[in-house]
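Just below is one structure, and these are the notes that go with it.
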Amino acid sequence: DEEKAQKEYQQASIKELERGALPLGAQHRLKAQAASGSKFFSSTLTAKEYLLACEAGYEPVGQVMGSAFMKVGWRNFCQGFWSSTSEIQALTFAHKQARELAVSRLKQEAALLGAHGVIGVKLETGNFNWSEGLTEFTAIGTAIRLPNSECVKLSKHIPFTSTLSGQEFWQLYENGYWPTSLVLGNCSYYIKGDSQTRSAQMGWFGSLRNQELEAFSSGFVHARKQAVMRLWQDIALNGGDGAVDMDVEYKLERIEYESNRTTYIDMLCNFMAMGTAIVD
């Protein structure tokens, strides 16, 4: 009976994850913490940030987290001899969906704790050698409350999420700005090498002189442009006037393969732009 109950509990927890919610264990833990009325908390704040929070009047409630593992099953079919320079939309969507799930679950944890927002959100990415195409995204931050705040009463974005530190949040808040949400834009772009890139990297004569790999430069710029455009769209969707604390990162992957005894070298570029949307 105990084993049967555990399986039923696990299946119910998986169903919660499938609809984008938190596992049942996390839900029960957070509800119990909120109901206890205890002021005990953990946070990602530094000692200086915590002292500022006490002085400024906002209260850290607890450390919150959201995570998602995403497996891109047919990623390799978009690469190699039959590929072309273009966006791998399945890969772009998978990375976007995993990030959104991680941030959504972090936000749900904050809501269960009765928080008004999350500051200092850090989004971390992990890859694993034991499973090709498996990526893990984790969002971690500190949930806070702002007692008697007019912005809380008027805002439609509760709880908000932001990458702002404790000092940055308070400086913006004191000057009339309010964070609405973490905003993201990403693009996974496959860049097909041409004869010039092959000659420059592998040819004896071509590799002796300095030269730009124009196909790679052009594809890299296009990937960044797509990611930033999607970031702007996300800012607008979240009602922001703009975004601060921007972070743009990318990963380049060398794709090497052979056909008819000829070696070809392509590139996969994963671009991600992230920041905090704010409104005046």
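The values are calculated or read from the model by the stated rules, or taken from the named source; none is laboratory data. These numbers were taken from a predicted model, which means no experiment stands behind them. Ideal geometry is used to build each Cβ from the backbone, glycine not excepted, and the neighbour counts take in all protein chains shown. These area figures cover heavy atoms from the full protein model, side chains too; ligands, DNA and RNA do not enter into them. Shrake-Rupley method; radii C 1.70, N 1.55, O 1.52, S 1.80 Å.
Miscellaneous remarks
- With a simple spin-label model that places each label point 7 Å from the Cα along the Cα-to-Cβ direction, the separation between Ser259 and Glu136 comes to 3.6 nm.
- In the context of the full set of protein chains, residues of region 188-280 present 59 Å² of accessible surface per residue (probe radius 1.4 Å, heavy atoms only).
- Among the GluC sites (Glu not before Pro) found in region 87-173, those both in a DSSP coil and sparsely packed, with 14 or fewer other Cβ atoms within 10 Å of their Cβ, are Glu132.
- Under-5 Å amide H pairs with Glu87, H placed in peptide plane, nonlocal only: Tyr190
- When the Gaussian network model of the chain links Cα atoms closer than 10 Å, the mean-square fluctuations of His95, His116, His222 top out at His222.
- Rounded to the nearest Hz, the phi-derived 3J(HN,Hα) couplings of region 167-172 under the Karplus curve 6.51 cos²θ - 1.76 cosθ + 1.60 (θ = phi - 60°) are 5, 5, 4, 5, 4, 5, where x marks glycine and proline.
- Helix 47-56 axis, angle to the chain major axis (alpha carbon atoms, nearest 10°): 50
- When each of the peptides 169-178, 55-64 is scored by how many other beta carbons lie within 10 Å of its residues on average, the order from highest to lowest is 55-64, 169-178.
- Compared with the dominant principal axis of the Cα atoms in the chain, helix 24-36 is inclined by about 30°.
- Each of the peptides 228-234, 32-38 was scored by the mean count of other Cβ atoms within 10 Å over its residues; in descending order, highest first, they stand as 228-234, 32-38.
- Within region 265-280, backbone nitrogen closer than 13 Å to the virtual label 7 Å beyond the Cα of Ser67 toward Cβ: none
- Using just its DSSP H runs of length 4 or more, each adding -39500 (n - 2.57), the chain gives a mean residue ellipticity at 222 nm of -12500 deg cm²/dmol after division by all residues.
- Full extension of the chain between Tyr177 and Gln233 yields a length gain of 18.2 nm, computed as 0.36 nm times the residue separation minus the alpha carbon distance.
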